[in-house]
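**Q** My questions will all concern the structure given below.
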Amino acid sequence: MFDLSPQALAHAVLNVIVLLISLCVHEYSHALMAWKLGDDTAARSGRLTLNPFAHADLFGTILLPLFNSPVGWAKPVPFDPRKFRRSVSMGFGTVLVKVAGPASNVLLALVSAVLFGIGARFAPDLVARQTPGAALLLSLITTNAGLAVFNLIPLHPLDGGAIADYFMPRGLRPVWERISAAGPIVLIALLLIASGTGFLSGPIYTLAEALFRFGGFLAGA
């Protein structure tokens, strides 16, 4: 039975808001980097925008967060490496486009930590425990730390898979191509293992904790 208490509903709505913001920034950053490299594919598709509903996937961005799922996604941003400026190789340009997404999540988490710290110092009532402001900023920090770490896992279809493509040594490419072909299956297995062992939580919470400490430093704690 679903929990329909006011607290549970408020938490579900917060999940949707945070994921909309976080995934919007992530996908927009992919589109922006591609555009800066000379590729207008995402722009022509209406994805070079901070409008979250241009990026939202009904199931992955709205419905799953409403049910407190730890996994969510947005519609992938299209880009065409053949349109990159000649000064940028297609491989390296692809890496830049892919890195832009997780990097933007780290930046958003950092901005949230800064806002929390400044708020705690100069307007403590806005970010006191159990307030909407504190819930939003703290959730933005943890969610974006998670998105950054998760998307850098070197498996397709994650950003880390494309990054690994570029840096994979020639001698390992045959094995890597077989792993890549089964990427989605391997990723599902990895998520199942992670849910039982928590091995992904280590780097995620390490990053989140560093950001919390930075926010606390700004707050004078």
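**Q** For Asn68, work out the one condition from (1) open to solvent by less than 40 Å² (accessible area, probe 1.4 Å); (2) closer than 19 Å to His11 by Cα; (3) not in a helix (DSSP H, G or I) it doesn't fulfil.
**A** For Asn68, the exception is condition (1).
**Q** Residues that are in contact with a Gly (Cβ under 7 Å, 6 or more places away or on another chain), at negative phi, surrounded by 13 or more Cβ atoms within 10 Å (Cβ to Cβ) and modelled with pLDDT of 95 or more: does segment 30-38 have at least one?
**A** Yes, segment 30-38 contains a residue that is in contact with a Gly (Cβ under 7 Å, 6 or more places away or on another chain), at negative phi, surrounded by 13 or more Cβ atoms within 10 Å (Cβ to Cβ) and modelled with pLDDT of 95 or more.
**Q** Can you go through Ala56, Ala74 and tell me which one is free of Cβ contacts under 8 Å to residues at least 40 places away in the same chain, within 14 Å of the chain's Cα centre (by Cα), buried (at least 18 other Cβ atoms within 10 Å of the Cβ) and under 23 Å from Leu158 (Cβ atoms)? Give the derivation first.
**A** On the way: Ala74 fails: free of Cβ contacts under 8 Å to residues at least 40 places away in the same chain.
Checking each option against the conditions leaves just Ala56.
**Q** Here's a follow-up. If I ask for residues that are touching a residue at least 60 places away in the same chain (Cβ under 8 Å) and either surrounded by fewer than 15 Cβ atoms within 10 Å (Cβ to Cβ) or under 19 Å from Gly72 (Cβ atoms) (or both), which ones from segment 119-131 would you list?
**A** Scanning segment 119-131 gives a single hit, Arg121.
**Q** Continuing with the same structure: Within segment 204-213, does at least one residue satisfy the condition of being over 21 Å from Gly101 (Cα atoms) and either in contact (Cβ under 8 Å) with a residue 60 or more places away in the chain or in contact with a Pro (Cβ under 8 Å, 6 or more places away or on another chain) (or both)?
**A** The answer is yes, given that some residue of segment 204-213 is over 21 Å from Gly101 (Cα atoms) and either in contact (Cβ under 8 Å) with a residue 60 or more places away in the chain or in contact with a Pro (Cβ under 8 Å, 6 or more places away or on another chain) (or both).
**Q** Given the conditions (1) open to solvent by 50 Å² or more (accessible area, probe 1.4 Å); (2) among the charged types (D, E, K, R); (3) in contact with a helix residue (DSSP H, G or I) (Cβ under 6 Å, 6 or more places away or on another chain), and given that Arg86 satisfies all but one, which numbered condition is not satisfied?
**A** (3) is the only condition that Arg86 fails.
**Q** I want to confirm something. Restricting to segment 146-166 and keeping residues that are open to solvent by 70 Å² or more (accessible area, probe 1.4 Å) and in contact (Cβ under 8 Å) with a residue 60 or more places away in the chain, which single residue is nearest to Asn15 (Cα to Cα)?
**A** Pro157
**Q** Against the definition (among the aliphatic types (A, V, I, L, M), closer than 20 Å to Val71 by Cα and free of Cβ contacts under 8 Å to residues at least 24 places away in the same chain), how does Ile185 come out, yes or no? Quick ask: steps written out before the conclusion?
**A** Numbers: among the aliphatic types (A, V, I, L, M): yes; closer than 20 Å to Val71 by Cα: yes; free of Cβ contacts under 8 Å to residues at least 24 places away in the same chain: yes.
Judged against the criteria, Ile185 is a match.
**Q** Do you know which residues across segment 94-112 are open to solvent by less than 30 Å² (accessible area, probe 1.4 Å) and among the small types (Gly, Ala, Ser)?
**A** Ala100, Gly101, Ser104, Ala109, Ser112
**Q** Give me a count of the residues in segment 53-83 that are of a type in the set (Ser, Thr, Tyr) and under 24 Å from Trp35 (Cβ atoms). Please lay out each step first, then the result.
**A** In the first step, residues of segment 53-83 are kept if they are of a type in the set (Ser, Thr, Tyr); the result is 61, 69.
Filter once more, so that each one left must be under 24 Å from Trp35 (Cβ atoms): 61.
Here the count works out to 1.
**Q** Still on this model: Using the structure shown, decide if Ala135 is surrounded by fewer than 21 Cβ atoms within 10 Å (Cβ to Cβ) and out of contact with any Phe, Trp or Tyr (no Cβ under 9 Å at 6 or more places or on another chain).
**A** Here the answer is yes, as Ala135 does meet what is asked.
**Q** Sort out which residues of segment 39-53 are assigned to a helix (DSSP H, G or I) and surrounded by 14 or more Cβ atoms within 10 Å (Cβ to Cβ), and write them in order of number. Steps first, answer last, please.
**A** Going residue by residue through segment 39-53, those that are assigned to a helix (DSSP H, G or I) are 41-44, 52-53.
Selection gives Thr41, Ala42, Ala43, Pro52.
**Q** Still on this structure, please answer the following. Residue by residue through segment 1-12, note down the ones that are modelled with pLDDT of 75 or more, among the aliphatic types (A, V, I, L, M) and open to solvent by 80 Å² or more (accessible area, probe 1.4 Å).
**A** Leu9
**Q** Right, next: With respect to Leu63, is the statement that it is open to solvent by 40 Å² or more (accessible area, probe 1.4 Å) and either assigned to a helix (DSSP H, G or I) or of a type in the set (Lys, Arg) (or both) true?
**A** yes
The values are calculated or read from the model by the stated rules, or taken from the named source; none is laboratory data. Quick caveat, the model's predicted, so the values are computed rather than measured. Cβ: placed from backbone, ideal geometry, glycine included. Neighbour counts: every protein chain shown. Please note that ligands, DNA and RNA were not included when accessible areas were found on the heavy atoms of the full protein model with its side chains. Shrake-Rupley method; radii C 1.70, N 1.55, O 1.52, S 1.80 Å.
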